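Written below as structure tokens is the structure these notes are about.
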Amino acid sequence: MNFTSLHPYVYLATRYPFYKGQSSSPRICYTSSIYLISEGFGTLVSRGQIKRLGPGALVYMPAGQLHEWLADSQEPMVHICCYFDWHYMDREHQFDTACPVCYPPQPLLEEHIGPQFPYPLPEITRVESSRVWEDLFQDFYKNADFTNEQTFMRSLKIQRNFQIFIDYFLNSQLKEQQIPDRRITHILEIMEHDLLHGVPKKI
């Protein structure tokens, strides 16, 4: 992947309280999404697994992945969440919202599914301090409207704050699996060339 094209862009960020027993219905988001459960409990159905989650759970859902949320019948969860792409995608000609969702059996328009992050990210982790994450989220809250000439300047501020958030997110999620150093990759490529061709090249 060309990392110069990696420029995360947020379309919607909000606080969403579920009511008791509420289901999101099985769905596929065209964008990637991140959810923090700030309070209450619920169940996530994804990748053939059912997981009960509570306060402090942080969930990353890549674009195009089928999943369903089900709130607890007594203590329903509250999501602090955002919907974004790893680089901006123009869907305005196809949808009336900036972060569209497909609900099967509605047909999925695969050409509008957002890009994937080039390295694996864990689907579920736990955060040490929910308050820190909530504060970061609140700095880029926005509705799902498309940006226009009236909202452009505010959008600049929102995207700037989202960049701070996504930097914090990636540093927390990649701490066990850092992005490979391209210099090391280059050296390994040279060594492989030498082994295959028997002609040493300068490193």
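Within region 83-104, not a single residue is among the aliphatic types (A, V, I, L, M) and under 14 Å from S38 (Cβ atoms).
From the list D96, D145, D90, which one is in contact with a Ser or Thr (Cβ under 8 Å, 6 or more places away or on another chain), at pLDDT 95 or above and part of a loop (DSSP other than H, G, I, E, B)? It is D145. Filtering region 1-54 to residues that are hydroxyl-bearing (S, T, Y), part of a loop (DSSP other than H, G, I, E, B) and buried (at least 20 other Cβ atoms within 10 Å of the Cβ) leaves Y30, T31. The single condition among (1) without any contact (Cβ under 8 Å) to a residue 40 or more places away in the chain; (2) at negative phi that Y16 does not satisfy is (1). Among the residues in region 110-123, are any farther than 17 Å from S33 by Cα and in a loop (DSSP other than H, G, I, E, B)? No: zero hits.
Go through the residues of region 111-120 one by one and say whether even a single one is surrounded by fewer than 15 Cβ atoms within 10 Å (Cβ to Cβ), within 17 Å of S23 (Cβ to Cβ) and in contact (Cβ under 8 Å) with a residue 12 or more places away in the chain. Taking every residue of region 111-120 in turn, none turns out to be surrounded by fewer than 15 Cβ atoms within 10 Å (Cβ to Cβ), within 17 Å of S23 (Cβ to Cβ) and in contact (Cβ under 8 Å) with a residue 12 or more places away in the chain. Looking only at residues of region 164-203 that are hydroxyl-bearing (S, T, Y) and closer than 30 Å to F140 by Cα, we find that the one that is modelled with the lowest pLDDT is S172. If only residues of region 71-91 that are within 9 Å of the chain's Cα centre (by Cα) and closer than 17 Å to F137 by Cβ are counted, the one that is surrounded by the fewest Cβ atoms within 10 Å (Cβ to Cβ) is F84. In region 112-129, the residue that is nearest to the chain's Cα centre (by Cα) out of those that are at pLDDT 95 or above and of a type in the set (S, T, N, Q) is Q116.
Any chance region 79-86 includes a residue that's assigned to a loop (DSSP other than H, G, I, E, B) and under 30 Å from F3 (Cα atoms)?
For region 79-86, residues assigned to a loop (DSSP other than H, G, I, E, B) and under 30 Å from F3 (Cα atoms): present.
Taken over region 34-56, the criterion of being in contact (Cβ under 8 Å) with a residue 60 or more places away in the chain and out of contact with any Gly (no Cβ under 9 Å at 6 or more places or on another chain) is satisfied by I34, L44, S46, R47, K51, G56.
The values are calculated or read from the model by the stated rules, or taken from the named source; none is laboratory data. Everything numeric here is computed off the predicted structure, so don't read it as measured data. Cβ atoms come from the backbone with ideal geometry, glycine included; neighbour counts cover every protein chain shown.
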